[in-house]
1. Would you mind giving the average projected area, over all directions, of the Cα convex hull of the chain in nm² with one decimal?
2. Which order do D159, D21 take when ranked by solvent-accessible area (1.4 Å probe, heavy atoms of all protein chains), largest first?
3. With springs only between Cα atoms under 10 Å apart, run a GNM on the chain and tell me which of I154, I108, I29 wobbles the most.
4. I want to verify a result. In a Gaussian network model of the chain, Cα cutoff 10 Å, which of these has the top mean-square fluctuation: G100, G169, G137?
5. What is the distance in Å between the Cα centroid of region 1-73 and that of region 147-209?
6. Roll a 1.4 Å probe over the protein heavy atoms and report the accessible area of M98 in Å², nearest 10.
7. Take the solvent-accessible surface of the protein heavy atoms, probe 1.4 Å, and return the percent of it on region 85-126 that carbon and sulfur atoms account for.
8. Students sometimes get this wrong: rank H119, H191, H172 by accessible area, probe 1.4 Å, all chains present, largest first.
Amino acid sequence: KLENRKIGLSESYEACLARKDGSHLWVLISASPMRDNQERIIGSFAMFTDISARKLAEEELRRSEERLSMAIKLAGLCTWDIDLASGDAIVSESHFEMLGLPKAGDQIMPFSQWESRVHPDDLTKVLRAMEDARTKGSFYAPEYRIIRADNQEIRWMIDFGQCAYDKSGALHFMGMTLDVTERKIAEQKLHESEERYRTAIESASDGIA
């Protein structure tokens, strides 16, 4: 950094300093070369600003985001944030895996890519729920099927989302997706079991009569 002053460069940068007592201090250093009346560099000037509180807040935020990310992952949830102007969504990596799609390095999923994976019989219902959430401010929570891109397996999903607004209208549509296929299979098996039981009771009643 001192060499930069010697060649006439000004810059601002963060640094962690060690105090005499062994503790650390984060500072923002704004440095520039000092010149004489003939524009020759004769030294340097630096101003130190204590940014320890900001760095501590940033670290707490980072840890909080890590905890939230871990909780979402363990719960089997996928997150998404759709820019309503462009139609592109920033999604969690698990969302690509859920849909059977190759992961994108920038974690951006075009709306059309997601739309193509929704079961055709459920697409109209889902789009209507999305439009209601945008125009009426209602909570978005449709249950629908997707067809995975890699193996064409049909899976059941449920979304939870809501739009974010400013004075001009809806800007973002944010929420989470949960795979509820196992629950739907269990419900179907329970329904089939109840039907068999009902049929057996009716058959037994007919025999007694």
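1. 23.6
2. Most to least solvent-accessible, the answer reads D21, D159.
3. Of I154, I108, I29, the most mobile in the Gaussian network model is I29.
4. G169
5. If you average the Cα positions of each part, the centres end up 54 Å apart.
6. 20
7. Working: 1190 of 2200 Å².
Carbon and sulfur: 54 percent of the exposed surface of region 85-126.
8. Accessible-area ranking of H119, H191, H172, largest first: H191, H172, H119.
The values are calculated or read from the model by the stated rules, or taken from the named source; none is laboratory data. In this text the structure is predicted, and so the values were computed from the model without any measurement. Areas reflect the complete protein model, heavy atoms only, side chains present, ligands, DNA and RNA absent. Shrake-Rupley method; radii C 1.70, N 1.55, O 1.52, S 1.80 Å.
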